[in-house]
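Scroll down for the structure; my scribbles are underneath it.
The values are calculated or read from the model by the stated rules, or taken from the named source; none is laboratory data. Fair warning: this is a prediction, and the values are worked out from it, not measured in the lab. As a convention, Cβ positions derive from the backbone with ideal geometry for all residues, glycine included, and neighbour counts pool all protein chains shown. Please note that ligands, DNA and RNA were not included when accessible areas were found on the heavy atoms of the full protein model with its side chains. Shrake-Rupley method; radii C 1.70, N 1.55, O 1.52, S 1.80 Å.
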Amino acid sequence: MAEKNIHPDSYFKKSLTKWIVKPLREYDFFRYKTAFVGRVTNDSIFQFINLQKDAYGGKTFTVNVGVRPLFIPHDYLSLQPGQRIGYFKYGADKWWSFKTEDRADHSFIEVNHIINDYVLEWFEQTSETNGLINLYTDSTQERIIPTSLNWRFFDLGHLYARQKQYGNAIDAMETAQKYFRLQPFAWCTEASEKCGEFIGILNKGESEVDDYLKNSERISKINLGLDK
């Protein structure tokens, strides 16, 4: 069949499988969704790579990477903490073409190299809770950690709780609650109430906190389709 009769999306799928899905199986990544691969670390942190096509039909794509601790309640998958992989190598976002088979192959080869040279190391650094705490408290990482201070401290409170640093966890949750209260939206009021509930659990001690975190992980896995 002549190349002109083949839709570029077929080049995208072929190169995605060849250069991303198959090579990353070595590192325990699995195909999570159509344009996602992911893995769950031993510390219950979901690490993922998402290939995002141009929404306007330009036959280009960019690549997002992110990490989400499953013991923090999730209704949906957030891309933060995370970043576009162009920033790892070029310090800026980059989009790649898949208009032809050669372009798709060339594009995915470069993406494969960036993942191997930069992203896998970042995933290793963020595979455990301590690594994420270091990330969240590093002032140079503003492009990677959640930009919203309320959610940033909400996450950090759960990370500290996972490490049984309950004093730091309470401080972080109180800060998150303060920022949520500054916004006059219903969802902020609900989030503020969740902060208060978790602060109450933190004050009850280790057993209650562990049960909360385990239940949050169970629910997150169901919501994200990772419970299979």
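What the table below lists for this structure:
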quantity	calculated
Relative contact order for region 37-97, counting Cα pairs under 8 Å that sit 6 or more residues apart, in percent	27
Surface share of carbon and sulfur [accessible, 1.4 angstrom probe, percent] for the chain	48
HN-Hα J in Hz across region 88-102 - Karplus 6.51, -1.76, 1.60, θ = phi - 60°, x for Gly and Pro	5, 9, 9, x, 7, 5, 9, 10, 10, 9, 9, 5, 10, 4, 5
Gain in span if fully extended, L149 to N130, counting 0.36 nm per residue against the direct Cα distance	4.9 nm
Efficiency of FRET from Cβ geometry, F30 and Q165, R₀ 25 Å, rounded to 0.05	0.20
Helix 206-224 axis, angle to the chain major axis (alpha carbon atoms, nearest 10°)	30
Stretchable slack from D227 to A55, in nm (0.36 nm times residue separation minus alpha-carbon distance)	58.9 nm
Equivalent ellipsoid semi-axes, the chain, via Cα gyration tensor eigenvalues times 5, rooted, Å	37, 17, 16
Choice from W19, W187, W122 showing the highest fluctuation, given a GNM over the chain with Cα pairs closer than 10 Å	W187
Accessible area expressed per residue, the chain, with surrounding protein chains retained (probe 1.4 Å, Å²)	53
Entries in K13/K94; K59/K228; K13/K228; K178/K228 that, when Cα-Cα distance is taken, lie over 28 Å	K59/K228; K178/K228
For region 66-101 versus region 164-228, the gap between their alpha-carbon centres in whole angstrom	25
Residues in region 174-192 reached by a label modelled at S139 [backbone nitrogen below 20 Å; 7 Å Cα→Cβ]	175-176
